[in-house]
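To start, the structure itself, in structure tokens.
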Amino acid sequence: MTVGRLRTARRIAAKDLLVERRSRVLVNQVLPFSGLVMVVFAFALGTGGVLERSAPGLIWLAVLFSTLITVQRSFAIETADGALESLRVAGVDPVALFIGKAAALACELIALITVLLGLAVVLYGAEPRAEGIVLLVTTAISATCALAALGTIYGGLAAGGPGRETLLPLLILPVAAPVLIGATRGVEAALGTDRTAVSEGWPWVGLLTVFAVAVGVSGALAFGTLIED
Amino acid sequence: MSGAAAVEMSGVIALLGGFPALSGLDLTVARGEVVLVAGPNGAGKTTLLNVCAGLVPVARGSARVLGVDLTGDRAALRQRVGLLGHRNGLYGDLTVSENLSFWSELVGATTEETDRAVEAAGLAGRLADVRVAALSAGQRRRTALAVLLVRRAELWLLDEPHAGLDPDGRTELDALIRLAAASGVTVMLASHDLNRSRDLADREVTVVGGVVVEAA
Amino acid sequence: MTPTTSPQPTARRATGTRATRVLGIVTLVMLGWLLLFGLVLSPADIDQGDAVRIMYVHVPTVWLAYLAFIVTAVCSGLYLFGKRHSLGFDRVAGASAEIGVVFMALTLISGSLWGRITWGVYWQWDARLTTTALLFVTYIGYLAVRGLDGTRERRARRSAVIGLLAVVEIPLVHWSVRLWRSLHQEATILDTDLDVDIDGLMLFTLFSGVIAFTLLFVWLLLHRTRTIALDDLLASRGLDRAIAERRAEVSSSSPSGGGS
């Protein structure tokens, strides 16, 4: 390959985001779905104090479920006409493929979490406080990177053949537990839910970052093997 | 020079999940040849192409493609070979030129090369800005071959490229294949459409039961 | 590329050898020993009464579940990074995961029963039980991946990669769950950690339990690995026959060949 790995990754990510801009699946389908999930939580939990106290967790649950769909979409565009196979067969560096797809996924998830945080302010009364903004942003970024890495790894595996799509939730959800735990605690601290101090959130950001890096590096190395049919 | 032949296979056994799709195949293809691979369904034509692409490993026997030993590291081969199955490997939501510039940036091709590929595929002008999903089957197939041109693939492995195309589509496809062959690309074409493909090909081999039974 | 390494059959018809028969007998003896001490000779707990005896199953199965996980991970690594990519390692990894899942299920069930009998709750959100539950589901996923189609080598490589990914992920899961539970400093009702106060005889019985279950694990691992090897052998024997049948297609089709 005369073109460098990062350039390749950037090209792949740009392509994914261009497809989204064209097809608007995220905007038209996934976003309404996540919004609906957040509304439906209120039906399940009632609108008393429980909802406000659970807001951080509910936001990340909605993100988690939406991640599953977003990942499936990300790989559906690759398998519809055998594009991923084409890339693999042509000898495109699988590490670059991984980084590119994970980066695009992370961008999409960041957009998603931003909207959901806004919705949470409206629906759950979860007001962010000034001193927690930095924590909020870093939690969101590290958590979405972690989810993007997980999604790309297992999405690639699940995309490999017919009858594998149902594997995706089974594989992702157990290992997404640390992300759910860490991201929820981080947002709790940022919002001050249950009188948590902002400082209590930072260890969780640390956990999320370690997770994202560890899973990201392993995933990049593993991706080539996982997308083989 | 060891790279004189495009494909050299001897006694190749290739397995698909334990089943011997190729059961001792011998084949030699010279560079720049257009070879028609004929044979009944299930004979192993697709597996033969997949082996040449470096996708299916050689379980027994020896095989060299473009000078690369298939029993060793096959990765180096992939960038030089183009495989086209029944799917085209394109992004339906993107236009022809977007699909092609995606590939040309991946391989470091120039805009002139990309434009030449678009022209050769007969997709220049208005068609270049049409979303791939809105094209006809023949136009999509030619876009996929244009990708192979952009990638400067030396060996084209085409598995039933005429399938699903109307007569005009087939004619245009053949023109593109002839163009590529004229510029030195080696083409192996697996096809049921024997009559027209015989015109296209320099010679024909027949695969039955995982081996070559007849080489004309 | 070397062809599938055909496993050497260890026995004509069965997977037992003298070594495993001896091991089996020792295991049975230890299990009997455990039963004796666990149910009869060790004392009942002051608070929990006889319910504490479930501990002699619950604690060893937890440790063995983690041991099985480690065996799977190590064998996955040995398969992937070893020079010969010996399928034997892949077989052990798969067998260990299967047995590990069974032990994890035993852990969860025994823990659930223990909690129910002693304190009236079927589940406790303590760090160990929660992590075991997540590990259980992760391994079910691993076994599902092992079952996907493909050539033997591809399946092995894919499974090894997934197994190694679990090595990266599980400690992080464990760590985050521990941190999570430590936030709520509730006294865990189901305290399965050994504390200093445990009675000497109970400690001895627990120790016997660990030994008994470890022997059981090894015995099961040996037999399961061998049955997998026999399955592979069957598949590769079928291969030679299939090659012959395949070539017979040539003579059975029309001699002038060509055309559908």
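The numbers here are math on the coordinates, done by the rules we state, and not lab data. Since the structure is predicted, the reported quantities are computational estimates derived from the model, not experimental observations. Don't worry about glycine lacking a Cβ; one is built from the backbone with ideal geometry, like all the others, and counts go over all protein chains shown.
Okay, here's what the table says:
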item: Contact order relative to length of the stretch B:93-153, as percent, for alpha carbon pairs under 8 angstrom and 6 or more apart; result: 50
item: Rg(Cα)/(2.2 N^0.38 Å) for the stretch A:88-138, N = residue count; result: 1.73
item: Dipole magnitude of the protein assembly as shown about its Cα centre (Cβ charges: Lys, Arg +1; Asp, Glu -1), debye to nearest 20; result: 1240
item: Overall dimensions of the stretch A:1-62 by Cα: Rg and Dmax, Å; result: 18.7, 60
item: Mean Cα-pair separation over length for the stretch B:35-178, i.e. relative contact order, pairs under 8 Å, 6 or more apart, %; result: 28
item: CD proxy at 222 nm, helix term only [per DSSP H run n ≥ 4: -39500 (n - 2.57); per residue of chain B; nearest 500]; result: -9500 deg cm²/dmol
item: Fewest-first ranking of A:215, A:40, using other Cβ atoms within 10 Å as the exposure measure; result: A:40, A:215
item: Magnitude of the charge dipole, chain A, Cβ model with Lys/Arg +1 and Asp/Glu -1, debye to 20; result: 420
item: Sparsely packed trypsin sites (Lys or Arg not before Pro) within the stretch C:51-96, loop by DSSP, other Cβ within 10 Å at most 15; result: C:83, C:84
item: Longest site-free stretch - chain A; sites: trypsin sites (Lys or Arg not before Pro), DSSP loop, at most 13 other Cβ within 10 Å; result: A:25-128
item: Fraction of the pair-distance distribution of the stretch B:1-104 above 15 Å, Cα-Cα pairs, percent; result: 67
item: Alpha-carbon Rg with Dmax, taken over the stretch A:5-226, Å; result: 17.5, 57
item: Computed Rg/Rh of the stretch B:93-153, alpha carbon atoms with Kirkwood Rh; result: 0.92
item: Mean projected area (nm²) of the alpha-carbon convex hull when the protein assembly as shown is viewed from all directions; result: 36.1
item: Calculated P(r) of chain B - Cα pairs past 33 Å, %; result: 14
item: Calculated over the stretch C:80-191: convex hull of Cα atoms, volume per residue (Å³); result: 96
